[in-house]
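Accompanying notes for the structure given below.
What follows draws every value from the coordinates through simple rules; no lab data is involved. This structure is a prediction, so every number in the text was calculated from the model and none was measured. Reconstructed Cβ throughout: ideal geometry from the backbone, glycine too, with neighbour counts over all protein chains shown.
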Amino acid sequence: MDKIGTDITHAARILNQGGLVGIPTETVYGLAANAFSPEAVVKIFEAKKRPFFDPLIVHTHSLEAALGFVTAIPDRARKLFDAFAPGPITILLERNKEKIPDLVTSGLDTVAVRIPNHPLTLNLLQELDFPLAAPSANPFGYVSPTTAQHVQQHLGAEVDYILDGGASEVGLESTIVGFEDGKVIIYRLGGLSVEDIEGVVGKVELQVNSSSDPRAPGQLKSHYAPGKKLYLENTEPTEVDYSKAAYIGFDNLHKDIKPENQLLLSKTSNLNEAAQKLFAALRKTDALDVDIVIAAKFPESGLGMAINDRLKRAAG
Ligand code: TXA
Ligand code: MG
């Protein structure tokens with residue numbers, strides 16, 4: 001049987017047996033296992049070479065199903081899910097410790113809950129009696145995958161099956177939201193904009209910068225790194241050889257770099273289109289005959305904030 005396909009029954013069988021399946025979502029592809037089974041979940045960490053202190057997101061198909069593994073869904077969380085789920089938002093809720101093993105949350109009292117917006121994965125979740133723990137399906141420290149082929153490329157030997165749902169439509173990981181002392185906090189910028197979230201729950205606080213915060217260790221600086229050294233535009237060394245540089249731009253070419261080494265993410269200046277293409281572009285620069293990559297600064301609004309965040313981390 002092929003490793004890549006659209007057979008939900010086959011994917012469900014593997015997951016029921018404690019195996020690993022690559023799953024499509026609207027944000028990025030995930031590496032999924034039964035979230036109720038420590039034996040299955042440990043395989044995710046091994047496959048990705050991910051440190052155990054970095055907790056996983058738990059994917060489910062509905063709020064009703066989520067009630068099976070969290071202690072409660074507070075009002076503001078419900079409002080956010082009602083407004084945006086299924087969609088690119090992850091919400092930290094108090095964990096039911098009898099259901100979700102310590103391994104999934106690195107022992108934290110909260111569990112990250114997400115309802116992904118992809119028909120194949122929603123159908124798969126409906127077939128299962130358990131939710132799916134799934135980090136992005138990339139080796140730890142590398143760019144997240146936005147196609148089944150990306151998953152195959154780096155984790156093909158580790159996964160039992162990859163559900164092919166086409167290219168991810170959003171292209172950036174979900175926005176992670178939690179609640180502290182009555183405040184709404186964003187721990188990771190992502191595929192749902194700050195403006196959209198504030199439209200539902202009012203002013204939020206951003207806590208996206210600390211790399212030592214155990215609540216969001218995925219914020220490690222190198223997390224989105226391609227294989228080549230990346231610089232944000234105008235921070236590259238003065239003696240750089242532009243004939244050996246690639247450019248990731250928004251809507252405008254770089255004047256000193258060869259056109260064939262330039263990847264413009266949206267000729268029509270559309271930040272959603274740019275987000276959708278960002279990770280594939282980072283991967284493409286790995287294959288170019290260049291020494292360094294220079295990335296443009298994107299407008300700090302809408303998904304531009306999350307794009308700049310990922311590029312900053314890739315620049316490390
Ligand atoms: O869009 C996404 O969120 C994708 C798709 C597959 O759903 N998943 C994803 O997972 O990006 P991952 O593991 O690459 O990133 C999950 C992030 C990590 O930074 C982790 O630290 C944080 O979620 N996280 C998970 N559980 C947490 C918790 N209880 N408290 C705080 N942060 C948590
Ligand atoms: Mg990740």
Alpha-carbon centroids, the range 61-109 and the range 291-314: separation in whole Å: 30 Å
Within the chain, percent of DSSP bridges classed antiparallel, to nearest 5: 45 percent
Exposure proxy order (Cβ contacts within 10 Å, fewest to most) of Leu31, Leu80: Leu80, Leu31
Cut-off of 10 Å, at most 15 other beta carbons, DSSP loop: longest stretch of the chain lacking such chymotrypsin sites (Phe, Trp or Tyr not before Pro): 54-316
Reduced Cα scattering model of the range 1-70, Debye log10 I(q)/I(0), q = 0.11, 0.21, 0.22 Å⁻¹: -0.29, -1.08, -1.16
With at most 13 neighbouring Cβ atoms within 10 Å, loop GluC sites (Glu not before Pro) (DSSP) excluded, longest segment of the chain: 99-238
Inter-label distance, nm, simple model (7 Å from Cα along the C-beta direction), Glu127/Leu253: 4.8 nm
Where N is the number of residues in the range 1-146, Cα Rg divided by 2.2 N^0.38 Å: 0.97
Set of aspartates and glutamates with alpha-carbon distance to Lys79 below 19 Å, sequence-local pairs under 8 removed: Glu64, Glu94, Glu180, Asp181, Glu195, Asp196, Glu198, Glu205
Cut-off 18 Å, label 7 Å out along Cα→Cβ of Asn270, residues of the range 280-316 by amide N: 280-281, 299, 301-305, 307
Relative contact order, percent, the chain [alpha-carbon distance under 8 Å, six or more residues apart]: 20 percent
Where labels lie 7 Å past Cα in the beta-carbon direction, separation of Glu46 and Glu64 in nm: 3.7 nm
Amide proton proximity set for Leu265, modelled H, under 5 Å, gap of 5+: Gly249, Phe250
Members of Lys203/Lys267; Lys48/Lys312; Lys229/Lys312; Lys43/Lys312; Lys43/Lys99; Lys228/Lys258 lying beyond 21 Å, as alpha-carbon distances in this model show: Lys203/Lys267; Lys48/Lys312; Lys43/Lys312
